[in-house]
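The values are calculated or read from the model by the stated rules, or taken from the named source; none is laboratory data. Keep in mind that what you see is a predicted model, and the values were worked out from it rather than measured. With ideal geometry, Cβ positions are generated from the backbone for all residues, glycine too; neighbour counts draw on all protein chains shown.
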Amino acid sequence: MKINSIEYKFQTSGLFSGHPQLIVDCAFDNANASQDIKDPTDLTKVVYKDAIKKCNKKLLQAVSFQGGEPLLQIDSLKALLKPKKDPILIKTNGSLPNHLLEIVEQIDFVELVYHPGFDEAFLESISVAQFVGQSAVVYPFQTLDREEVTRMTQLISSISIDIPFIVQPQMKYTSKHTSPDSDIVKCFNYARQNLSNVRVVPELKNLFQGIVI
């Protein structure tokens, strides 16, 4: 599997923000190709197992495959997950629901991180995620777009109003019209009109920059 890095550190976003995880930063991103690293490294099964052994198993909350889009390398991912011994989290943009379906029995958590342009596939992925132990939708929030938030949460509510929905303000937040705090509250309230389980969890990437456990 091609990766950018593999590190035991605090999770900086989503459902398990702040938890110690072995984070596999997968290469290749079909939502933002500009973020691809030119010279990714190979994650072999031997290297993967060795990285897990070095973690403090009493503290390790999960192994998180993120990136990048981990499902772009579905065959390599499936090979790494066999046999599965540790809790597995997949962070995906929801563009590849069929690939997600292939591994639902091998993973414990899935976070669907919203990116514009994948709405139909994203909705399918939400349906598939209901077969995983715990799932959530993450909405990276930079500028307020009431129409987008309303449309997206209405789509999610067509599956279930109880799906956890995380409004995730970015550290570099800007708004042309109102203060960041008021826009975050508005985004939360718009989402709550359609869903019952909405929370705000800021992205902590800048705060935890360079911290490795």
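Cβ-Cβ distances below 9 Å connect the following pairs, each with a first residue in segment 44-58 that is closer than 15 Å to ASP25 by Cα, a second residue that is among the charged types (D, E, K, R), and a separation of six or more residues or different chains: ALA51/GLU7; ILE52/LYS85; ILE52/ASP86. Just so you know, in segment 122-149 the residues that are surrounded by fewer than 17 Cβ atoms within 10 Å (Cβ to Cβ) and charged (D, E, K, R) include one that is farthest from VAL200 (Cα to Cα), and it is GLU147. Among the numbered conditions (1) buried (at least 19 other Cβ atoms within 10 Å of the Cβ); (2) within 23 Å of ILE88 (Cβ to Cβ); (3) not small (Gly, Ala, Ser), tell me where MET152 comes up short. If we test MET152 against (1) buried (at least 19 other Cβ atoms within 10 Å of the Cβ); (2) within 23 Å of ILE88 (Cβ to Cβ); (3) not small (Gly, Ala, Ser), just (2) comes out false. Of the residues making up segment 4-22, not a single one is out of contact with any Asp or Glu (no Cβ under 9 Å at 6 or more places or on another chain), over 17 Å from ILE107 (Cβ atoms) and either among the acidic types (Asp, Glu) or at pLDDT 95 or above (or both).
Only one residue in SER76, SER64, SER95, SER34 is in a helix (DSSP H, G or I), at pLDDT 95 or above and polar (S, T, N, Q), so which one is that? Residue meeting the stated conditions: SER76. Being crowded, with 20+ Cβ neighbours inside 10 Å, aromatic (Phe, Trp, Tyr) and at pLDDT below 95 is a description that does not apply to PHE109.
Out of the residues in segment 172-213 that are charged (D, E, K, R) and modelled with pLDDT under 75, which is farthest from HIS19 (Cα to Cα)?
It comes out as LYS176.
Could we say that TYR8 is outside any loop (DSSP other than H, G, I, E, B), touching a residue at least 60 places away in the same chain (Cβ under 8 Å) and more than 13 Å from the chain's Cα centre (by Cα) here? When the stated conditions are applied, TYR8 passes them. Pairs are defined by a Cβ separation below 9 Å, a sequence spacing of at least 6 or placement on different chains, a first member in segment 159-171 that is over 12 Å from ASN194 (Cα atoms) and free of Cβ contacts under 8 Å to residues at least 60 places away in the same chain, and a second member that is assigned to a loop (DSSP other than H, G, I, E, B) and among the charged types (D, E, K, R); the pairs so defined are PRO169/GLU203; GLN170/GLU203; GLN170/LYS205; MET171/GLU203; MET171/LYS205. Residues in segment 99-127 that are of a type outside the set (Val, Ile, Thr), in a helix (DSSP H, G or I) and either in contact (Cβ under 8 Å) with a residue 24 or more places away in the chain or within 17 Å of ILE52 (Cα to Cα) (or both): HIS99, LEU100, LEU101, GLU102, ASP119, ALA121, PHE122, LEU123, GLU124, SER125, SER127.
Look at (1) of a type outside the set (S, T, N, Q); (2) closer than 23 Å to LEU100 by Cβ; (3) at pLDDT below 95 and you find that ILE163 fails only one, number (3). Taking ALA79 as the residue in question, decide whether it is of a type in the set (Gly, Ala, Ser) and touching a Gly at 6+ places or on another chain (Cβ under 9 Å). So ALA79 fails the test.
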